[in-house]
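I am attaching a structure below and will ask some questions about it afterwards.
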Amino acid sequence: MNQNLNVSLKDKSIPEPAIGNMEPRLPVAAPSLSATPELDRSRVFSHRRRALLFLLAVAATVLAWWISGYLFAYTDDAYVTSNVLSITPEVTGPIAAVLVKDNEWVKRGTLLFTIDPVPFRLAVEQARAEEARTEAQLPVDRAQLQVLQAQKEAAGAAERLAAANLRRDTPLAQSGTISAQALDTTRTTEEQSAAQQHAAEAALQKENETLSLDKAAVSSAHAARLLAEWRLGCTKVVAPVDGFVTHLAIQTGDMVSTSQAAVAIVDGNA
C-alpha cells in the first residue's frame, strides 16, 4: 500500500509557489541597544539649547526696552525740550494781569502778562529828578569856575605889582631913599599877594575837580534813569517767538521773580 501511495505521489505534480510577483525583501538590521542613549542625549541637548535661546531672547528684549526708556519718550502730548523756551521776567513783582491761556498760539511780540508797574514808574520819576538836579548843578559849577578864574587873574596881577614894587624899593632902601620899614611893608605886601595867588589857583583847581565830579554824577544819573525806564518796560512780558504757550501756572496776584521761569513757549519755527 505504501508503494502504491508513493507511486501516486510521484505521478502528481506539486505546484511550486509563485515568486515572480513578490518583491525581494531587504534584510533589516535589528536596532542596536547602544544607540538609544545617544539619541536621548541629543534630544535633551536640543531642548536645553532651545530653552537657553528663548531665555536669551527674552532677556535681550527686556534690556532693549529698559534702555529705550532712557533714550526715547512715547506720548501723544509732548514737545521736544530743545524747542521749549522758558520765559523768566527781568524784574520782580506781583502780576497785574495774565493775557494768554495755556496751549494758546501766540505771535512774536504778543503780550503774555504784565507786572505791577507802579513802583517802577515811581523809580523812573525819581531817576529823572536826580538827573535834572545833577544837570542843574553844572551851570553853577561853571559860573563859580569863572569867578575863581577872575580871582586868580586878579591875584596874579596883584602879585606881579607887589613883586615890581619890591624890586623897585629894594635899591632905594639900600641907598637910604626909603626907610627899612617901608621896604618891609612892600615885602609883606608882595608875600601876601603871592599867597593870594596860590590860594586862587588852588580854588580854581578844586572847582575844576568839582565840575568833573558833577559831570560824572550827571552821567550816572542818566544811566540810572535809563535803567529805571528799562525796568519799567520789563513789566510787560511779550512772546519772543511764534509758538504755543505751555507750562502756564501763573495768575493775577502771583509774585514772579528773576530766578524762576513764569511761562514757556514751544517754538513753532523750530
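The values are calculated or read from the model by the stated rules, or taken from the named source; none is laboratory data. Small disclaimer: the values here were computed from a predicted structure and weren't measured. So basically every Cβ, Gly included, is an ideal-geometry build from the backbone, and we count neighbours across all protein chains shown. With ligands, DNA and RNA removed, areas are computed over all heavy atoms of the protein, side chains included. Shrake-Rupley method; radii C 1.70, N 1.55, O 1.52, S 1.80 Å.
What pairs come up if the first residue lies in the stretch 168-180 and is more than 14 Å from Glu190 (Cβ to Cβ), the second is open to solvent by less than 60 Å² (accessible area, probe 1.4 Å) and not in a helix (DSSP H, G or I), and their beta carbons are under 7 Å apart, counting only those six or more places apart or on different chains?
As it stands, the answer is Leu172/Ile178, since those pairs meet every condition given.
Would it be correct to say that Asp169 is open to solvent by less than 40 Å² (accessible area, probe 1.4 Å), charged (D, E, K, R), in contact with a Leu (Cβ under 9 Å, 6 or more places away or on another chain) and modelled with pLDDT under 90?
Taking the combined requirement at face value, the residue satisfies it.
For the stretch 145-159, state whether one or more residues are under 50 Å from the mean Cα position of the chain (by Cα) and either open to solvent by 40 Å² or more (accessible area, probe 1.4 Å) or farther than 16 Å from Ser193 by Cα (or both).
Yes: the stretch 145-159 contains one or more residues that are under 50 Å from the mean Cα position of the chain (by Cα) and either open to solvent by 40 Å² or more (accessible area, probe 1.4 Å) or farther than 16 Å from Ser193 by Cα (or both).
Could you give me the residue pairs with C-beta distances under 7 Å whose first residue belongs to the stretch 194-212 and is at negative phi and free of Cβ contacts under 8 Å to residues at least 60 places away in the same chain, whose second residue is part of a helix (DSSP H, G or I) and open to solvent by 60 Å² or more (accessible area, probe 1.4 Å) wherever it lies, and which are 6+ apart or on separate chains?
Within 7 Å, the pairs are Ala200/Gln151; Leu204/Gln149.
Considering only the stretch 219-238, I want to know if a residue exists there that is outside any helix (DSSP H, G or I), surrounded by 13 or more Cβ atoms within 10 Å (Cβ to Cβ) and aromatic (Phe, Trp, Tyr). Can you show your working first?
First, the residues of the stretch 219-238 that are outside any helix (DSSP H, G or I): 234-238.
After this cut, where a residue has to be surrounded by 13 or more Cβ atoms within 10 Å (Cβ to Cβ) as well, the list is 234-238.
Adding the requirement that they be aromatic (Phe, Trp, Tyr) leaves none.
No, there is no match, as no residue in the stretch 219-238 is outside any helix (DSSP H, G or I), surrounded by 13 or more Cβ atoms within 10 Å (Cβ to Cβ) and aromatic (Phe, Trp, Tyr).
So Leu204 ticks every box in (1) under 23 Å from Lys107 (Cβ atoms); (2) in a helix (DSSP H, G or I) but one. Which box is left unticked?
All conditions pass for Leu204, except number (1).
Can you pull out the residues in the stretch 239-260 that are within 20 Å of the chain's Cα centre (by Cα) and open to solvent by 50 Å² or more (accessible area, probe 1.4 Å)?
Pro240, His247, Thr258, Ser259, Gln260
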